[in-house]
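A.B. asks: Please read through the structure below; I'll follow up with questions.
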Protein chains: 2
Amino acid sequence: MIEPIGNQYIESRPVYSANSFGEEYKKKQRRHKTILDHLRVYCSCSTQKAKRIALSLFPIASWLPAYRLKEWLLSDIVSGISTGLVAVLQGLAFALLVNVPPSYGLYAAFFPVIVYFFLGTSRHISVGPFPVLSMMVGAVVSRLVPEESTTTLNANSSMGNSTLLLDEQKVLVAAAVTVLSGIIQLIMGALQFGFVVIYLSDSLISGFTTAAAVHVLVSQLKFMLQLPVPPHSDPFSLFKVLISVFSQIQDTNIADLVTSLIILLVVFVVKEINQRYKAKLPVPIPIELIMTVIATGVSYGFNFKERFNVTVVGEMPSGFQLPITPDVQTFQDTIGDCFGIAIVGFAVAYSVASVYSLKYDYPIDGNQELIALGLANILTGSFKGFAGSTALSRSGVQESTGGKSQIAGLLSAIIVLIAILAIGFLLEPLQKSVLAALALGNLKGMLMQFTEIGRLWRKDKYDCLIWIMTFIFAVVLGLGLGLAASVAFQLLTIVFRTQFPKCSSLAMIGRRNIYKNKKDYSEIYEPEGVKIFRCPSPIYFANINFFKQKLIDAVGFSPLRVLRKRNKALKKIRKLLKKGLLQVTPKGFICTVDSFQDSDDELDNNQIEELDQPVNTTDLPFQIDWNAELPLNIEVPKVNVHSLILDFSAVAFLDVSSMRGLKTMLQEFVRIKVDVYIVGTDDDFIEKLKRCEFFDEEVKDSIFFLTIHDAVLHILIKKDYSTSKFNSSQEKEKNTDFTINTNGGLRNRECQVPVETQF
Amino acid sequence: MIEPIGNQYIESRPVYSANSFGEEYKKKQRRHKTILDHLRVYCSCSTQKAKRIALSLFPIASWLPAYRLKEWLLSDIVSGISTGLVAVLQGLAFALLVNVPPSYGLYAAFFPVIVYFFLGTSRHISVGPFPVLSMMVGAVVSRLVPEESTTTLNANSSMGNSTLLLDEQKVLVAAAVTVLSGIIQLIMGALQFGFVVIYLSDSLISGFTTAAAVHVLVSQLKFMLQLPVPPHSDPFSLFKVLISVFSQIQDTNIADLVTSLIILLVVFVVKEINQRYKAKLPVPIPIELIMTVIATGVSYGFNFKERFNVTVVGEMPSGFQLPITPDVQTFQDTIGDCFGIAIVGFAVAYSVASVYSLKYDYPIDGNQELIALGLANILTGSFKGFAGSTALSRSGVQESTGGKSQIAGLLSAIIVLIAILAIGFLLEPLQKSVLAALALGNLKGMLMQFTEIGRLWRKDKYDCLIWIMTFIFAVVLGLGLGLAASVAFQLLTIVFRTQFPKCSSLAMIGRRNIYKNKKDYSEIYEPEGVKIFRCPSPIYFANINFFKQKLIDAVGFSPLRVLRKRNKALKKIRKLLKKGLLQVTPKGFICTVDSFQDSDDELDNNQIEELDQPVNTTDLPFQIDWNAELPLNIEVPKVNVHSLILDFSAVAFLDVSSMRGLKTMLQEFVRIKVDVYIVGTDDDFIEKLKRCEFFDEEVKDSIFFLTIHDAVLHILIKKDYSTSKFNSSQEKEKNTDFTINTNGGLRNRECQVPVETQF
């Protein structure tokens, strides 16, 4: 009855097993798509499809013709210039993270934008250097190019040949890593692997970026304090660097320390102001730009380099360098790291892009993004730049200053181009420690993510564990290997979550068709001899034994043990009957001896196997009631359960191992005359079991019922809980809140009959 | 009503939301055990517990006093002697797999049994050499001890110093690996890591042992053909060995080949007979023993060694060698392999032991098994043996010949001891190729497991994939690394299984309280404007976007897009109203202009964010019907869904990422006035969402209903599907099989009232 009456749930229908339901309501024949069908659709070819693919490879072909020149150009110009200035500074600062001379950072800020302009699908992100990626490249560079530990503070000022060579080597390694990462991204894009980002959960990204921030923080210390720190390779590189730094803390260049602390303080305060008065300020104060101009001026004016022996940006060669062919040997040594760089770079760019795509409601395409980033990195690497993605802060500038399309990106690249070609030399007196301080200024947000731990702990222990383990892995093992370990660990948590399901025994609540954990409620009713057991998770190889144990705990006995005890008892009884020591009367056994010592208690192999067979009493002239007293103190465990209902509504799948385990379990129950019912599964589940030959003479496919209530009603009917029997049980319960409305039931039946016939 | 009437499901109760149900049936306050509580129980100390632990560390203390001397001793003696003979032969044969001289195999067959006698919990398994483990140790030996490739066939017969030294080195490596594996097992046992075996599913073990059989097969070729094969390290070692063998196939020693083929044939045939006439034979024919005796006699009698230049077992030093301290350097180089050996060894022993423990109904303890095997391996390694576990075939002999306890094991060790001390020299003329053939004779069963592939493919694609990938990993990467890769892959499949859930739209079937996939049935009824959506798997970071997309597909629109379109339209209407171009009448809008060009279609940042806010029409003097025609061709997507029911009965858990995604989704639906209901969750689920601050002004905790039917009824009542309205819809359906029993409903209500008041 679907007609609502008051606030009543009224239902009257036949009790349905899956089979009887299937007979009454025929299923439609549906052809399910096979893998082949999917492949066919995927590989099918049409002019339209070819055109769509071509267009998707060059997104510019769709957005540029639709560009609204009048409305958008001005915003794009303003945004482009602001973003360009930020990009110049970030390029210089992040080059320090890569361990290459700052000027190379400008290349990294120029080339990717050009490629992305043609191939990218996001209109708002600013591609280019990203601190975490720079760090990851830097880690490889330190590993492959061993800096002589004798490098002193003066090395830079004297600009010896060795340093030049060393820098050149570092640049080459960084370039090779960048090209390889680009190639990996390109291949992943071509193979449509854009979906991998879904494996990076929020908790993992949060933990990972926090670890990256810690890495950045530690790596910048050497520039802030101006200490020569030899490179250390993972794992534990972070701790080794810290030890290096603190072991020579007395050699700190005070001028650099003071400058960077002042810059850091000012940047923090102004950023705070920007944040707080966001609404009132037309544009955020470009504090990085201001501080750079001031610092460069001061350093030049007071000749800091000579006076305090600080390290400065130094020579900024104007113009581009010739493209190079990356070294294949380097490829071999760095492929693991490059995978990490490729995936992190893509993941960051994609997640920032999807924020804007959601906000402005346009589609982005993960695979096309991979292709765009891949080609961008290949080009950048060829021109000695280093791997880029997108920096959230810079993309924020581009979008908040009004950028409408990648025209703004193109303009920002032109600003960078101007810096490369013309005005770069102006930055030569800038202290490296200032760049380091500016890089650190961006870390606050990432480091604040530590507060996530507490929040996650309250919400979800597993997610909290993912955060902590990701952080530890990334800090200890380094970012590349750490990422791999974290993803593996994270996937493991999905297994953990389902591995120890909270199985429970259910009971009817308040005599409704509602079944809940019987421990939680007091007004429960359990039909006598019926056990209802719920498993709230998929069952598979790793938890089938756990499930079995929980089921045994719930019913209170092991069916296999009961079966064997019964078979043993039966053997004994047969022997006694044969010897004439036992007689059977309608009232039970009459034993003519007081005790009987079984001559051979030991069983050989075949006999052991017999014990696992169904209890066969067909040759006996009577039925044995196993729960009654047996003669001669033959002891068999009492079984007070005649029906077991397994609620499988949350069992999303079974694998082959669990199917075998479940089958054995069900068989054992059936052999000791406990009826098993499975309820709440969907049709596919039953189909699959049939396909796997799950059913046989003992475990039949008639055990499926639609709901727990259907199964319970079926059991009550089958076991003939007649009204009279019910009334007597009702007597016992008079003290409780329950009374059973025996008449209501009858009247209900009266009401019901016409309904049923109408259907 | 729980009283069964005919075969009818009759129910009448209030419609329950989770909240109203909670009010009517109070939940008991239950204190759930925290991690701390579990720890406290685990760490608590009592005399009883201490005694139990002490006893569990020395299982012999409990089973030896209960030993039934009279009944069991004879069986144990018979069994012990048979097993001992098999153990001698297997020890010699498996030593070839380890690449050490055969005599060391006898040590491997002696020491573990002694330790296991005192510490093991299984009464039936025969510990000692196991082919797969021997292979794994052998792989490490080949890697670490590079055999001079100049070793010729004559090297053995001339017994040069270099060969002696080489053999000595191999023995030392094998011993070190064995000790380290033992240490790992011991530590795992002490840390209660016995549960790791559950991660080895049936499919994985089947694929892995098949791969091991292939490895054994290939490794024995060199002994059967008597070819010098240089060792090859993983990965791809198997293919490299094959290439080595076939590139020098012309140098095959025909005598060895013929001997081994004959032996192999005879063994196969007799084993087949043993299998087929199992029931009729008192004991299986000990064909290996017979063949060994014959082969040794023939080889000695005809002086095969001199005549055909075959390789023989050679010198069998009698007595034991002095114990050694294993090399720590070797530990470092082999720790990865040792992990594999430790786990595989334990897994095999445990699985064989659990077969017997189930059969004879006694408990075994995984952690104690680990400790026993660990100490056994440490002792064996110290005396230059190699890692052992249990061979299924040998345990089979021990059990089938009547072994009742580890007394049989002890006796088998004594037989091995006799071979070591006294009669070993008798085996000196035995050809190594005979031993190789005997080892291969045991592989048939394992190789037959290839047929599993087809069976698994029909049953479960994922399990089939696990089998194939495990096999490929173990063959290509080697057994140790392959096992690790397989376990990782296997755990990934659990993620895959839940990652692309088969979400479906449900509908009422046959107007019952039954809801199934609407595509499957024809007699469906979907209340107008109500969508019922089921997700059949947990929702977490890797499938939340998939879930969202499927939900959008199912309802037919993206709520966010609709929300934005509505807000945009509202802006336009407001503007028109303000300019007086639009008038509102009770019948709708009247527009006084024909067209209106919005001056500024562009929105700045804040306005974009406004679009995501709930549609606010409180300042307007009328309500807008978004599904009606709007003036001036303002277009807003039509939404024909007013209520969405999410069936979460199979959603076992949500993680933090998915919770955030779900919340956003629900919010968007609520903001476009689609009521969302979640049904079928258990109480813990709701508790968790509350703890995670999931609920707010928009997404309320009143969205939970007990069942789909409760939610549907609630919606029908809320949306006032009055009887009259229903009747009219009924008119339309007259051609169908349905008629709605309007009177029945009323009568039902009459019946129901007294029932309700009684409860």
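A.B. asks: Count, please, the residues in the range B:352-367 that happen to be away from chain A (no Cβ under 12 Å) and open to solvent by less than 20 Å² (accessible area, probe 1.4 Å).
C.D. replies: Of the residues in that region, 2 qualify.
A.B. asks: Would it be correct to say that A:LEU322 is touching a helix residue (DSSP H, G or I) at 6+ places or on another chain (Cβ under 8 Å), within 29 Å of A:VAL141 (Cβ to Cβ) and not basic (Lys, Arg)?
C.D. replies: The answer is no for A:LEU322.
A.B. asks: Restricting attention to the range B:184-224, which residues are open to solvent by 20 Å² or more (accessible area, probe 1.4 Å) and over 27 Å from the mean Cα position of the chain (by Cα)?
C.D. replies: Those that are open to solvent by 20 Å² or more (accessible area, probe 1.4 Å) and over 27 Å from the mean Cα position of the chain (by Cα): B:LEU217, B:SER219, B:LEU221, B:LYS222, B:PHE223.
A.B. asks: Please state which of the following conditions B:ALA61 fails to meet, knowing it meets all the rest: (1) buried (at least 17 other Cβ atoms within 10 Å of the Cβ); (2) away from chain A (no Cβ under 13 Å).
C.D. replies: All conditions are met except number (1).
A.B. asks: Residues that are in contact with an Asp or Glu (Cβ under 6 Å, 6 or more places away or on another chain), buried (at least 21 other Cβ atoms within 10 Å of the Cβ) and at pLDDT 90 or above: does the range B:544-556 have at least one?
C.D. replies: Taking every residue of the range B:544-556 in turn, none turns out to be in contact with an Asp or Glu (Cβ under 6 Å, 6 or more places away or on another chain), buried (at least 21 other Cβ atoms within 10 Å of the Cβ) and at pLDDT 90 or above.
A.B. asks: Got a number for residues in the range A:1-27 being in contact with a strand residue (DSSP E or B) (Cβ under 8 Å, 6 or more places away or on another chain), more than 9 Å from chain B (Cβ to nearest Cβ) and open to solvent by 30 Å² or more (accessible area, probe 1.4 Å)?
C.D. replies: 1
A.B. asks: Go through the range B:406-458 and tell me which helices (runs of 4 or more DSSP H), entirely inside it, have 1 or more residues that are modelled with pLDDT under 85.
C.D. replies: Correct list: B:432-441, B:444-447.
A.B. asks: I'd like to know if the range A:28-36 contains one or more residues that are more than 7 Å from chain B (Cβ to nearest Cβ), open to solvent by less than 100 Å² (accessible area, probe 1.4 Å) and modelled with pLDDT of 80 or more.
C.D. replies: There is no residue in the range A:28-36 that is more than 7 Å from chain B (Cβ to nearest Cβ), open to solvent by less than 100 Å² (accessible area, probe 1.4 Å) and modelled with pLDDT of 80 or more.
A.B. asks: Same structure again: Can you confirm whether A:THR210 is more than 17 Å from A:ILE472 (Cβ to Cβ) and part of a helix (DSSP H, G or I)?
C.D. replies: no
A.B. asks: Checking the condition buried (at least 22 other Cβ atoms within 10 Å of the Cβ), within 14 Å of chain B (Cβ to nearest Cβ) and modelled with pLDDT of 90 or more, which residue from A:ILE514, A:ILE466 passes?
C.D. replies: A:ILE466
A.B. asks: Follow-up question, since we're still on this one. Being at pLDDT below 85 and either open to solvent by 40 Å² or more (accessible area, probe 1.4 Å) or part of a loop (DSSP other than H, G, I, E, B) (or both): is that true of A:ILE273 here?
C.D. replies: no
A.B. asks: A follow-up question, please. Could you tell me whether the range A:50-64 includes any residue that is in contact with a Lys or Arg (Cβ under 7 Å, 6 or more places away or on another chain) and free of Cβ contacts under 8 Å to residues at least 60 places away in the same chain?
C.D. replies: Among the residues of the range A:50-64, not one is in contact with a Lys or Arg (Cβ under 7 Å, 6 or more places away or on another chain) and free of Cβ contacts under 8 Å to residues at least 60 places away in the same chain, which makes the answer no.
A.B. asks: Within the range A:389-412, how many residues turn out to be in contact with a Leu (Cβ under 8 Å, 6 or more places away or on another chain), within 11 Å of A:LEU73 (Cβ to Cβ) and crowded, with 24+ Cβ neighbours inside 10 Å?
C.D. replies: Residues in the range A:389-412 being in contact with a Leu (Cβ under 8 Å, 6 or more places away or on another chain), within 11 Å of A:LEU73 (Cβ to Cβ) and crowded, with 24+ Cβ neighbours inside 10 Å: 0 in total.
A.B. asks: Is one or more of the residues making up the range A:286-297 in contact (Cβ under 8 Å) with a residue 60 or more places away in the chain, open to solvent by 60 Å² or more (accessible area, probe 1.4 Å) and either outside any helix (DSSP H, G or I) or among the basic types (Lys, Arg) (or both)?
C.D. replies: Yes.
A.B. asks: Which ones in the range B:470-511 are within 30 Å of B:ARG143 (Cα to Cα) and within 7 Å of another protein chain (Cβ to nearest Cβ)?
C.D. replies: If the condition is that a residue be within 30 Å of B:ARG143 (Cα to Cα) and within 7 Å of another protein chain (Cβ to nearest Cβ), then B:ALA488, B:LEU491 are the ones that fit.
A.B. asks: Against the conditions (1) assigned to a helix (DSSP H, G or I); (2) closer than 22 Å to A:ALA190 by Cα; (3) within 14 Å of chain B (Cβ to nearest Cβ), where does A:GLU399 fall short? Just the number, please.
C.D. replies: Unmet condition: (2).
A.B. asks: List the residue pairs whose Cβ atoms are under 9 Å apart, where the first residue sits in the range A:184-196 and is more than 24 Å from A:GLN490 (Cα to Cα), the second is part of a loop (DSSP other than H, G, I, E, B) and aromatic (Phe, Trp, Tyr), and the two are 6 or more positions apart or on different chains.
C.D. replies: A:ILE187/A:PHE193
A.B. asks: For the range A:360-379, indicate whether the set of residues that are at pLDDT below 80 and of a type in the set (S, T, N, Q) is non-empty.
C.D. replies: No, the range A:360-379 contains no residue that is at pLDDT below 80 and of a type in the set (S, T, N, Q).
A.B. asks: Quick check on my filter: what residues within the range A:321-349 are open to solvent by 40 Å² or more (accessible area, probe 1.4 Å), of a type in the set (S, T, N, Q) and farther than 18 Å from A:GLY105 by Cα?
C.D. replies: A:THR325, A:GLN329, A:GLN332
A.B. asks: Restricting attention to the range B:108-133, which residues are open to solvent by 10 Å² or more (accessible area, probe 1.4 Å), in a helix (DSSP H, G or I) and within 20 Å of B:GLY402 (Cβ to Cβ)?
C.D. replies: Within the range B:108-133, B:PHE117 is the sole residue that qualifies.
A.B. asks: A follow-up question, please. Restricting attention to the range B:516-575, and to residues there that are free of Cβ contacts under 8 Å to residues at least 12 places away in the same chain and in a helix (DSSP H, G or I), which single residue is nearest to A:PHE496 (Cα to Cα)?
C.D. replies: Filtering first and then ranking leaves B:GLN549.
A.B. asks: Now, a different point. For the range A:466-503, which positions are among the basic types (Lys, Arg) and not in a loop (DSSP other than H, G, I, E, B)?
C.D. replies: A:ARG497, the sole residue that qualifies.
A.B. asks: Shifting gears a bit: Among residues belonging to the range A:678-709 that are free of Cβ contacts under 8 Å to residues at least 60 places away in the same chain and surrounded by fewer than 15 Cβ atoms within 10 Å (Cβ to Cβ), point out the one that is farthest from A:GLN613 (Cα to Cα).
C.D. replies: Only one residue fits best here, namely A:GLU687.
A.B. asks: Hey, among the residues in the range A:517-542 that are among the small types (Gly, Ala, Ser) and at the interface with another protein chain (Cβ under 7 Å from one of its Cβ atoms), which one's most open to solvent (accessible area, probe 1.4 Å)?
C.D. replies: Result: A:SER522.
A.B. asks: Now a separate question. One residue is enough: does the range B:47-54 have a residue meeting the conditions within 14 Å of chain A (Cβ to nearest Cβ) and either open to solvent by less than 80 Å² (accessible area, probe 1.4 Å) or within 30 Å of B:ALA711 (Cα to Cα) (or both)?
C.D. replies: No: zero hits.
The values are calculated or read from the model by the stated rules, or taken from the named source; none is laboratory data. Just so it is clear, the model here is predicted, and its values are computed rather than measured. Glycine gets a Cβ as well: all are built from the backbone with ideal geometry, and neighbour counts include every protein chain shown. Protein only, heavy atoms only, side chains kept; ligands, DNA and RNA dropped before computing areas. Shrake-Rupley method; radii C 1.70, N 1.55, O 1.52, S 1.80 Å.
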